[in-house]
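Some notes on the structure that comes next.
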Amino acid sequence: MKQDTVEIIRNVLEDLKNRWGLEDIPGIEVEIPRNGGMGDIATTVAMRLAKPLGKPPREIAAEIVEKIKEQEADLFESVETAGPGFINFRFRGEFLCRSLAELLRKGRPALRTDTGKGRRIQVEFVSANPTGPLHVGHGRGAAVGDALCNILKAAGFDVQKEFYINDAGLQVRLLGESVFARYRQILGTGAPFPEDGYRGAYIESIAKEIHDRYGDRYRERTFEECGEFFTEYAYRMMLSGIERDLRDFGVVFDRWQSERELHLQGKVREALEELRSKGLLYEKNGATWFRSSRFGDDKDRVVVKQDGEYTYFASDICYHKYKLERGFDTIIDIWGADHHGYVPRIRSVLEAFDLPRDKFRVILIQMVSLLRHGEPVQMSKRAGEFITLREVMDEVGADITRFIFLTRRADSHLDFDLDIAKEQSAENPVFYVQYAFARISSLFRQASERGIRIEDAEAGAADLKMLAEHEETSIIKKLLQYIMVVESAAHACEPHRITYYLQELAGMFHAYYYKYRIISGDDRLTRARLALCRGVQIVLEDGLGLLGVSAPEKM
RNA sequence: GCGCCUGUAGCUCAGCAGGAUAGAGCAACUGACUUCUAAUCAGUGGGUCGGGGGUUCGAAUCCUCCCAGGCGCGCCA
């Protein structure tokens, strides 16, 4: 729908270019008019041409319309100028039927586009420290990141999903110390608990597990002697737990990048050497600094501490450089919004390496506030009291959780009410969309008893011209908009646009279903309507798939 | 103090890469189940898009100042 229209406009502008003495054709933007009465699709190109041509937009629009009418009479029922210089297009019924038939014949592959042109995008998300279980905020990042990747793939990008593991440095060591202390407590030979140690119950259960397997083997040892064992053991446990939680949440990464590996492979040192050779490192107060302030950061940053240890920023310098060296056209980082101060720092790194800054995008995920009975659930990470993603999944289910995470823009706060999430009420939009899918499945179950199969709806046997009700043409048009929605969601990196679209489509279907009889005494009409329902079902299934939410046949 | 995000209907939020008369759900009120799943549908009311200035054919959208809320601002991660 979009491509057809844009192509036609482009051809016409190509013709008019010389008459106008125009150098370049501007980007042709089409949009869906807010008010359906205005048309099916509209372009603002005449208004954009007003300035370069020095002519009133309506006049330009009129010229374009005339030309389109000469050349493309069969696609559009009407093409007209409107308002300040819009050109509104209305498609012929035959075009809509043809498009629906194509969707039915090809199925979900018809919903893919190639706007990404196979460009390689890497999305790094979750990347939770392996020092504790995933909490709800991580879950939101996982849902957004995974859906975004699905959307980018659907829009024709070549996508890699990566989890960056902060397995070097102080925090994992602190994890090991915490477990060690709990282990000693089990033995009754209390070791001092580290001041900033991890206090969650999961620490005790790891200690217990070590005790069950190894008994008092480490009774007489100090942490200096056996810390590596405890750290390694605990970290492995945490990481596999994270992986398991993510898998059960429907998120599987293509690649897990270990920070420690970057150090061991000497990549961190190499990256810093490169900066040094560019004259961008200097020594001060016994530490090594990076001149990030030259590239828009607030101040310079330490990369090697006084004690000789690398900072996390040092590995991040290396990591982001390394990611771009792996040949991605774009790298997207998804961070918790509390890390936003880090953005200019990483940008400064890319500039320092002469890497284009527009190759790097950050999506910030705002906080999730968990509510129960409308009251905030108290959480204290320090005391180890926080609601884990696992608990939420167990309580309300992965589908609902994912959907709710995707009902807001990433950068707005989200109140997640566990009670409402569990309720199967109208306040819960997941069911609304899934129910539309299940209803259609049910229709086909009934139809099969009458000898009409789902394959019949797909084969193009139905006479789609019978879909003459305005609700029916509206639904077809809505189906054809899906690709545009996917493209815009990919472009803006905003998965929630799919969520909203699905709710709208489901709403149109529910209203249609209620008003009209799908399976009736009229066999031809029945087949045509089932074909339309099948179209809706294909798009709903695809959209839910992008969000990582299941499409149940029965509810 | 500096920076980032947010501010749209009573509530929760959409509003797409400036576009046409700013939308949805919930809540409130009216109605619809002997009929393909009522987890549904039809309808009514509800707005100074936080405020002021600016950019232009045109601003909820871009710029600027102010106000309010959240979050950051370590040789922590």
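The values are calculated or read from the model by the stated rules, or taken from the named source; none is laboratory data. Predicted, not measured: the structure shown is a model, and the values here were computed from it. FYI the Cβ positions are ideal-geometry reconstructions off the backbone, even for glycines, and counts take in every protein chain you see.
Some observations on this one:
- Flag if A:Leu96 is within 16 Å of RNA strand B (Cβ to nearest atom), touching a Leu at 6+ places or on another chain (Cβ under 9 Å) and either assigned to a loop (DSSP other than H, G, I, E, B) or hydrophobic (A, V, I, L, M, F, W, C) (or both): no
- Verdict on A:Leu49 being outside any strand (DSSP E or B) and under 20 Å from A:Lys478 (Cβ atoms): no
- Test result for A:Ala61, in contact with a Gly (Cβ under 6 Å, 6 or more places away or on another chain), away from RNA strand B (no atom under 13 Å from the Cβ) and on the phi < 0 side of the Ramachandran plot: no
- Any hit, region A:290-310, residues being touching a Phe, Trp or Tyr at 6+ places or on another chain (Cβ under 9 Å), among the acidic types (Asp, Glu) and under 24 Å from A:Asp254 (Cβ atoms): no
- Listed by position, the helices (runs of 4 or more DSSP H) inside region A:237-341 whose residues that are under 30 Å from A:Ala492 (Cα atoms) and touching a residue at least 60 places away in the same chain (Cβ under 8 Å) number at least 3 are A:312-325.
- Positions within region A:219-236 being crowded, with 20+ Cβ neighbours inside 10 Å and either free of Cβ contacts under 8 Å to residues at least 40 places away in the same chain or of a type in the set (Gly, Ala, Ser) (or both), in sequence order: A:Ala234
- Flag for A:Met47 being in contact (Cβ under 8 Å) with a residue 24 or more places away in the chain, within 11 Å of RNA strand B (Cβ to nearest atom) and under 30 Å from A:Leu464 (Cα atoms): no
- Test: residue in region A:351-359 that is aromatic (Phe, Trp, Tyr), at pLDDT below 90 and either more than 10 Å from RNA strand B (Cβ to nearest atom) or surrounded by 15 or more Cβ atoms within 10 Å (Cβ to Cβ) (or both): no
- Residue selection: A:Tyr500 satisfies the criterion of being within 18 Å of the chain's Cα centre (by Cα), closer than 19 Å to A:Arg34 by Cβ and within 11 Å of RNA strand B (Cβ to nearest atom).
- Enumeration of residues in region A:411-429 that are more than 8 Å from RNA strand B (Cβ to nearest atom) and either of a type outside the set (Asp, Glu) or part of a helix (DSSP H, G or I) (or both): A:Phe416, A:Leu418, A:Asp419, A:Ile420, A:Ala421, A:Lys422
- The one condition from (1) surrounded by fewer than 20 Cβ atoms within 10 Å (Cβ to Cβ); (2) modelled with pLDDT of 95 or more that A:Ser369 does not meet is (2).
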